[in-house]
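Reviewing the structure listed below.
Nothing in this text is a laboratory measurement; each read-out follows from the coordinates by a stated rule. These figures come from a predicted structure and were not determined experimentally. Backbone-built Cβ (ideal geometry, glycine too); neighbour counts: all protein chains shown.
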Amino acid sequence: TGEPEASALLDRFIERKKAYIRRVSPAQMRKRLRLEPVGRHHDLGRIFDRLNERYFRSRITAAITYGPAPRVKGPRKSIKMGSYSADSRVIRIHPALDQPVVPRYFVEWIVFHEMLHHVYRARRGEDGRRCVHPPEFMEHERRFHDYKRAQAWEDENLELLLRARIQG
């Protein structure tokens with residue numbers, strides 16, 4: 001998203017300089033992070049473990065945590081509900097999802113989506129742009145047990161997430 005030319009330029013730079021980039025294992029990277037998977041309302045660790053067993057035969061080797069409270073003043077215009085770092089193998093979930101009004105199945109869907117990023121890595125499309133959601137990713141995501149229900153909840157409640165006040 002955003003600037004595809006800048007993204008491609010950065011990727012080429014990293015590729016050319018990777019011999020000079022210090023290699024740190026995913027486990028070492030995770031040690032530097034403060035992992036906080038247990039929220040006030042949703043335990044991401046339990047959600048991750050159940051999804052991992054149900055959909056991935058417990059093969060996903062990643063850690064999960066709530067991301068830090070964003071420093072946003074005023075109303076948000078968008079929200080990144082989750083992210084996956086292939087380097088550290090860490091899934092971060094937006095803390096706005098840790099509310100009693102956010103149903104568990106919706107949080108599960110977001111976690112499932114991020115777990116799929118562990119399976120389907122980003123790649124270059126034929127046009128040279130980075131593709132993080134290839135067709136097989138999207139097809140796999142539709143197999144989530146509450147896919148349509150979770151999408152409908154998001155459509156109906158996005159404003160609620162955008163307005164969420166997050167404790168830091």
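To the nearest 20 debye, what charge dipole does the chain have about its Cα centre, counting +1 at the Cβ of each Lys and Arg and -1 at the Cβ of each Asp and Glu? Write down the numbers at each step before the final one.
Numbers: 35 positive and 22 negative charges, 174 e Å.
Dipole about the Cα centre, nearest 20: 840 debye.
So what is the 222 nm mean residue ellipticity for the chain from helices alone, if each DSSP H run of at least 4 adds -39500 (n - 2.57) and you divide by all residues, rounding to the nearest 500 deg cm²/dmol? List each step's numbers first, then the result.
Values: 6 runs with 73 residues, N = 168.
Result for the chain, helices only: -13500 deg cm²/dmol.
Taking N as the number of residues in the range 37-102, what is its alpha-carbon radius of gyration divided by 2.2 N^0.38 Å?
Details: Rg = 13.1 Å, N = 66, 2.2 N^0.38 = 10.8 Å.
Dividing the Cα radius of gyration by 2.2 N^0.38 Å gives 1.21.
Diagonalise the Cα gyration tensor of the range 106-155 and give the resulting equivalent ellipsoid semi-axes, square root of 5 times each eigenvalue, largest first, whole Å.
Working: eigenvalues 106, 24, 16 Å².
They are 23, 11, 9 Å, listed from largest to smallest.
Calculate one ³J(HN,Hα) per residue across the range 123-139 by plugging θ = phi - 60° into the Karplus curve 6.51 cos²θ - 1.76 cosθ + 1.60, and present them in order as whole Hz with x for glycine and proline.
Per residue, the Karplus-derived 3J(HN,Hα) values read 8, 8, x, 4, 7, x, 7, 6, 10, 9, 10, x, x, 5, 4, 4, 5 Hz.
Give the Rg/Rh ratio for the chain, taking Rg as the radius of gyration of the Cα atoms and Rh as the Kirkwood radius, to two decimals.
Details: Rg = 16.9 Å, Rh = 17.5 Å.
Rounded to two decimals, Rg over Rh is 0.97.
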